[in-house]
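To start, the structure under review is shown below, and the notes come after it.
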Amino acid sequence: ERPAATVLGLGAMGTALAAALLDQGYRVTVWNRTAAKAAPLVERGAHAAATPEEAVAASPLVVACVLDYDALYAVLDPGAAGLAGKTLVNLTSGSPEQAEEAVAWAEGHGLDYLDGAIMTTPEGVGSAERMVLFSGARAVFDAHRPALAAFGDPLYLGADPGLASLHDAGLLGLMWATMAGWLHGAALVGSEKIPAESFTPIAIRWMATVTEIMTGYASQVDAGRYPGDDATVDVQIAAIDHLLHAAAARGVDNSLPELLKATMRRAAAAGHGPDSLASLVEVMRKPQPPA
Ligand code: NDP
């Protein structure tokens, strides 16, 4: 008997999740508000349910991936009674607080709940190289691990249901800052007609150095002590001026590096000039009220 799973929401991501379950031999039932989106999955052997209630009834495991929590409750609330005894794995993006509310909602309806965050694009779903973050009841994670592993490498972060969303937010912040730094560099170097395809392999090698520095600084962040043995905030402030100058001279927008410099200067003003760059975490932990 093949294991069964239901997927609610067949946008780009839900479609990829359902396809990954089909790839792993699951008997997959799907439902989407816009029914036509189920067609490619039905062609691959999925069953398209006419309503969320019918979809939920078909499997012990229900995976939901819709736009946001409003959409999630719009889909689930009308037939919530049918969810009793089922497991809901919610891969809809949201805040840690929304995950906590969802746990209370699930308890009220007698179902098991696990919160998750997919750390890849739909193309990456199904690859063991990609992380899928989970938080909530450990027993629920363990019981459904084979299905969760169909989506990527499942990482259990802890019993607090908000942890997956919390990590997701932090990791997206890292992605946006990194992408913005890379694009700023591409604009700067590109102003001298150097293509991004030449700059990018060098940038990627540099990322390896950056990750080494992160690894070394993590213990400084945890200890709250930031010995500036390798490079100090004062030195970085002088160095960022070279970036600002080079970019300004070439007409490249400097709002991002200006923001970074301002953060470094706040750290220096708080006495961290001789400390390592890891000391910036101190000004981030004590945000200043807007001027
Ligand atoms: P899409 O826009 O492709 O799909 C959105 C889905 O939500 C569709 O199934 C849509 O139904 C459904 N939906 C929206 N509003 C409602 C509603 N009121 N009632 C019922 N269903 C509704 O988005 P994605 O698939 O890309 O994203 C889905 C979730 O996955 C989001 O939370 C997103 O943040 C998360 N995610 C996406 C990633 C990505 O790379 N795409 C990466 C990681 C997480 P319909 O087809 O009828 O419009």
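What number of residues within the range 129-145 are free of Cβ contacts under 8 Å to residues at least 60 places away in the same chain and out of contact with any helix residue (DSSP H, G or I) (no Cβ under 8 Å at 6 or more places or on another chain)?
From the range 129-145, those free of Cβ contacts under 8 Å to residues at least 60 places away in the same chain are 129-143, 145; that's our starting set.
Then drop every residue that is not out of contact with any helix residue (DSSP H, G or I) (no Cβ under 8 Å at 6 or more places or on another chain), which leaves 129, 131, 137-140, 142-143, 145.
So the count comes out to 9.
Mind telling me which of the residues 266, 205 ends up being among the basic types (Lys, Arg) and touching a helix residue (DSSP H, G or I) at 6+ places or on another chain (Cβ under 7 Å)?
The match here is 266.
Out of (1) more than 11 Å from the ligand (Cβ to nearest atom); (2) modelled with pLDDT of 95 or more; (3) not hydrophobic (A, V, I, L, M, F, W, C), what's the single condition that is false for residue 79?
(2)
For every residue, the table says whether it meets (1) in a helix (DSSP H, G or I); (2) in contact (Cβ under 8 Å) with a residue 24 or more places away in the chain; (3) under 15 Å from residue 91 (Cβ atoms).
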| site | (1), (2), (3) |
| --- | --- |
| 147 | yes, yes, yes |
| 159 | no, yes, no |
| 180 | yes, yes, no |
| 189 | yes, no, no |
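Listed residues 46, 50, 71; which is in contact (Cβ under 8 Å) with a residue 24 or more places away in the chain and over 26 Å from the mean Cα position of the chain (by Cα)?
Just a single option satisfies the conditions, and that option is 46.
Check the range 241-249 and report whether any residue there is surrounded by 13 or more Cβ atoms within 10 Å (Cβ to Cβ), touching a residue at least 12 places away in the same chain (Cβ under 8 Å) and within 23 Å of residue 171 (Cα to Cα).
no
Quick one: residue 89 ticks every box in (1) more than 16 Å from the ligand (Cβ to nearest atom); (2) closer than 22 Å to residue 169 by Cα; (3) touching a His at 6+ places or on another chain (Cβ under 7 Å) bar one, so which box is it?
Exception for residue 89: condition (1).
Condition first: within 12 Å of the ligand (Cβ to nearest atom) and surrounded by 22 or more Cβ atoms within 10 Å (Cβ to Cβ). Now tell me which residues in the range 17-33 satisfy that.
Across the range 17-33, the qualifying residues are 17, 18, 30, 31, 32.
May I ask you to list pairs of residues, at least six apart or on different chains, whose Cβ atoms are under 6 Å apart, with the first in the range 199-221 being free of Cβ contacts under 8 Å to residues at least 24 places away in the same chain and the second being of a type in the set (Val, Ile, Thr)?
199/189
What are the residues in the range 157-196 that are in contact with a Gly (Cβ under 9 Å, 6 or more places away or on another chain) and either hydroxyl-bearing (Ser, Thr, Tyr) or modelled with pLDDT under 95 (or both), if any?
Listed by number, the residues that qualify are 165, 191.
Sort out which residues of the range 241-291 are part of a loop (DSSP other than H, G, I, E, B), among the basic types (Lys, Arg) and over 17 Å from residue 221 (Cβ atoms), and write them in order of number.
Answer for the range 241-291, where residues must be part of a loop (DSSP other than H, G, I, E, B), among the basic types (Lys, Arg) and over 17 Å from residue 221 (Cβ atoms): just 250.
The values are calculated or read from the model by the stated rules, or taken from the named source; none is laboratory data. None of these values were measured; they are calculated from a predicted model. Positions of Cβ are generated from backbone atoms using ideal geometry, with glycine treated the same way; all protein chains shown enter the neighbour counts.
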